[in-house]
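S.K.: Quick one: structure below, then a few questions.
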Amino acid sequence: MTHRAWLAALIAVAVVSLGRGCAGPTAEPLDPGAPRVPAGGLRVMTFNVNYALADHPDNIAAIEQGDADVVLLQETTTDGELAVREALGDRYPHMRFRDCCNAGGLGVLSKYPIADEQYLASPTRWFPAWRFVIDAPGGPVQLLDVHLRPPISDSGSWIVGSFTTDDIRLAEIEAFGAALDPALPTIVAGDFNESERGDAVAWLGERGFSSVLPQFDRLATTWRWALPLSSLQLRLDHIVAGPQWRAVDARVLDAGVSDHRPVLAVLVR
């Protein structure tokens, strides 16, 4: 997304949000409960838990509600890790967590064994990414957990940041993408800090990837920020599937207490 487009989208969503008042989610789940997984399919969740609330019981309940086969987390903490392991260790026997740089913590929860992993430092000195390969039914699956640069300047300005950070997110996904094995079925998911029209998502799209949520819901937002009279809501979190996948369901869960909502998708090869 261009600088002007990002700012225009930000203003447009703010206006819409003000018109709605203190509204909840912009769309309901497609069906009650968690989506069903066809034989050979994979249910994937991404959730930025907010590092100040990473151990909150409602966030853990949101993960449990999604019942994904693989969960990619952002902004994890040591306390959050302990809480997740205690509550969900039986459900997810394979877990990895790693703290970094305040809000840069990452985690993965998997029902299937983790065969390989590669922790990737940010080329822009912001948040790292984490590449995993899991032994899923039907063969190995490669996943990349990302938390890209927020649209905020080094001085803390969101206005300036909306004009100056597109190239940074693009540089990050280019560097992280270079670590992916093109021979493996791949899913990139996390907090992209941009819409599906952003530069990082577009870079993946040029390589055959597609953001799955717009295929099922073009309105739901994944991030909210309180304003004096309402809230600002944007779609910043994505599950982006490689060309080996077909999405059969995707949704945003109205769950947890983070400023982000979980995104859940069901993919089949």
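S.K.: Looking at region 134-161, which of its residues are among the aliphatic types (A, V, I, L, M), surrounded by 18 or more Cβ atoms within 10 Å (Cβ to Cβ) and either at pLDDT below 90 or within 16 Å of residue 71 (Cα to Cα) (or both)?
M.R.: Answer for region 134-161, where residues must be among the aliphatic types (A, V, I, L, M), surrounded by 18 or more Cβ atoms within 10 Å (Cβ to Cβ) and either at pLDDT below 90 or within 16 Å of residue 71 (Cα to Cα) (or both): 134, 136, 141, 143, 144, 146.
S.K.: Could you tell me which numbered condition residue 102 fails, if it satisfies all but one of (1) free of Cβ contacts under 8 Å to residues at least 40 places away in the same chain; (2) surrounded by fewer than 16 Cβ atoms within 10 Å (Cβ to Cβ)?
M.R.: (1)
S.K.: Just to be sure I understand the filter: pairs with C-beta atoms under 6 Å, separated by 6 or more residues or on different chains, first member in region 172-201 and within 13 Å of residue 145 (Cβ to Cβ), second member part of a helix (DSSP H, G or I) and of a type in the set (Gly, Ala, Ser). Which pairs pass?
M.R.: 173/200; 192/200
S.K.: Here's something else I'd like to know. When the residues of region 199-246 are filtered to those that are among the small types (Gly, Ala, Ser) and within 15 Å of the chain's Cα centre (by Cα), which remaining residue is farthest from residue 50 (Cα to Cα)?
M.R.: Across region 199-246, the extreme among qualifying residues is 210.
S.K.: Continuing with this model, one more query. Whether any residue in region 170-187 is in a strand (DSSP E or B) and crowded, with 16+ Cβ neighbours inside 10 Å is what I want to check.
M.R.: yes
S.K.: In addition: So the check is Cβ under 6 Å with 6+ separation or different chains; which pairs have a first residue in region 242-260 that's closer than 18 Å to residue 144 by Cβ and a second one that's assigned to a loop (DSSP other than H, G, I, E, B) and of a type in the set (A, V, I, L, M, F, W, C)?
M.R.: Here the result reads 242/209; 247/212; 250/212; 250/216, each pair linking region 242-260 to a residue that is assigned to a loop (DSSP other than H, G, I, E, B) and of a type in the set (A, V, I, L, M, F, W, C).
S.K.: Please indicate, with yes or no, whether at least one residue in region 112-130 is closer than 20 Å to residue 238 by Cα, in contact with a strand residue (DSSP E or B) (Cβ under 7 Å, 6 or more places away or on another chain) and of a type in the set (Val, Ile, Thr).
M.R.: Within region 112-130, not a single residue is closer than 20 Å to residue 238 by Cα, in contact with a strand residue (DSSP E or B) (Cβ under 7 Å, 6 or more places away or on another chain) and of a type in the set (Val, Ile, Thr).
S.K.: Mind counting the residues in region 67-99 that are polar (S, T, N, Q), touching a Gly at 6+ places or on another chain (Cβ under 7 Å) and either at positive phi or surrounded by fewer than 22 Cβ atoms within 10 Å (Cβ to Cβ) (or both)?
M.R.: 1
The values are calculated or read from the model by the stated rules, or taken from the named source; none is laboratory data. These numbers were taken from a predicted model, which means no experiment stands behind them. Positions of Cβ are backbone-derived with ideal geometry, glycine not excepted, and every protein chain shown enters the neighbour counts.
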